[in-house]
């Protein structure tokens, strides 16, 4: 969220996924749901048949479901948490989520959200259950044996909340009627770490992969978009059967929409009577891209902006697949809905048509919909990796680096002296993420990235850590192992771990396999601590025929060091100082430049001396990390210009 093959043999693919990883089993789900929506009362009733496969080696004596919409009630945990965070001022502003604030407290009985269970049976036998606000605990009358399958039959009812966060109705900004995310009772994830019945406080989502068969009965004038493929497109029309067709007439008061999504871990849909639908079929068997947005009469700017979303997505997809792996699903929908940008399988909800958000949310198809880390524990592997990819996709599409775009913005709106000064310390790519991370590191609010998403002390610290520090993690990894090697790591990570819920250690093992370097130290320092990087040029002197340059580690996090010397004749040499914890060196990233590999720098030693046979007076500039990819919090002492 700012800021996902598929063939009919998916069941077989799921089976292969499980059998290919005997040490990392996964549960599997198969949902069949039918809901009947009353657009006058904003309520609906539903029936859910859930086939649940316990592929674990353990028997289960209870299960848990998410009931997300119970958060949208006065004095809920989400409400209380938001109001508490609002008491914290950061730069003079309350730290609460601007979408939530204290709005939940003010919801009337007709505006709240809820999900109520009418009945629940397992293999035909009624099961006792208990509400824990947004979590339903089911005490099974008979355990689910290891490596067995059961069927849950549920009847439920729900009221769609007024739009507050991600899901809801009647968004006051977009006027979209229904943004139906987190709308059904959803089985919690059970994995090698146990159950994950995470209450809905703010973020994040973690689900079981499986198949969804969803039938929605709603007023005949409403138009829908969502996860999966519309199975009755011939009956519906409206561009689903073929481009630019109208919604087909019906004599019934309600129309039935039937969607199927395979090998996904969630299902989202939106509905509005004034939606407009654009679509494009990617060539060579690629997916169908859909754009569904709120039509505004006599507003050609709105139409052209949403049409640009479609063309930009089609332009960007080949780049995305080349660098991050193939998109395996049959369709993807960009839907105006929600309250910002929020990703779901085969679809995203967008409040507007900004392309940065478009690229970001679509890249979540890789770093959450296919790789599916536990966002509560590893939000930086979701948001940070996605933000990293978004930056590169935007650079490809706009033909400009993030630093170039930042400089252009300064020209248009001059006067930000702090930004003008900071620009000189930022790398060409991911410059905004570095700037945000530096602000976090110096703020006094930073917490380790091992912190649970819901338990950060501030929204500010969570956002900067998950998005920005997570993005810097990958760009800085390129500094450590080499950019080309890092790119190979990302593709191998996709190849090895898609549809398998990897954790941080899994990613680091892939990184070590591809690079041939030891990298556990990098994860421990960058993720598990808030120690910062700060290197300086300490002193230079001549000792006989040798010039010596002493470097000093001021910060507490050790790193390998690229030290570039520029001579009076304009030539350069790179003195590469590997860190002893790496047990190896990165490849030369610039074969046209002479590189001298120095002895290892022992991490426990705060100083290191580089020697060169060049005379001191031959040296014009000494600079630590000229690429500026190392997130050094004080670059003022990284560069020394010698004026002889």
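Tabulated data
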read-out	value
Filter result for the condition that a residue is within 16 Å of the chain's Cα centre (by Cα) and surrounded by 24 or more Cβ atoms within 10 Å (Cβ to Cβ), over 357, 386	386
Complete set of residues in segment 534-555 that are surrounded by 15 or more Cβ atoms within 10 Å (Cβ to Cβ) and either touching a helix residue (DSSP H, G or I) at 6+ places or on another chain (Cβ under 7 Å) or within 20 Å of residue 451 (Cβ to Cβ) (or both)	536, 537, 540, 547
Spans of strands (runs of 3 or more DSSP E) in segment 141-191 with at least 3 residues closer than 18 Å to residue 223 by Cβ and within 25 Å of the chain's Cα centre (by Cα)	178-180
When residues of segment 295-330 are limited to those that are surrounded by 20 or more Cβ atoms within 10 Å (Cβ to Cβ) and in contact with a strand residue (DSSP E or B) (Cβ under 6 Å, 6 or more places away or on another chain), the one farthest from residue 170 (Cα to Cα)	313
Some residue of segment 432-451 being buried (at least 18 other Cβ atoms within 10 Å of the Cβ), at positive phi and part of a loop (DSSP other than H, G, I, E, B)	no
Residue within segment 340-351 that is buried (at least 24 other Cβ atoms within 10 Å of the Cβ), part of a strand (DSSP E or B) and either over 16 Å from the mean Cα position of the chain (by Cα) or on the phi > 0 side of the Ramachandran plot (or both) present	no
Criterion violated by residue 170 - all others in (1) surrounded by fewer than 23 Cβ atoms within 10 Å (Cβ to Cβ); (2) more than 30 Å from residue 277 (Cα to Cα) satisfied	(2)
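For every residue, the table says whether it meets (1) within 30 Å of residue 468 (Cα to Cα); (2) surrounded by 15 or more Cβ atoms within 10 Å (Cβ to Cβ); (3) assigned by TED's automatic domain parsing to the domain that holds residue 553.
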site	(1), (2), (3)
578	yes, yes, yes
586	yes, yes, yes
596	no, no, yes
616	no, yes, yes
620	no, yes, yes
623	yes, yes, yes
627	yes, yes, yes
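The values are calculated or read from the model by the stated rules, or taken from the named source; none is laboratory data. Please read all numbers here as calculations on a predicted model, not as lab measurements. In this analysis, Cβ positions are derived from the backbone assuming ideal geometry, glycine residues included, and neighbour counts consider all displayed protein chains.
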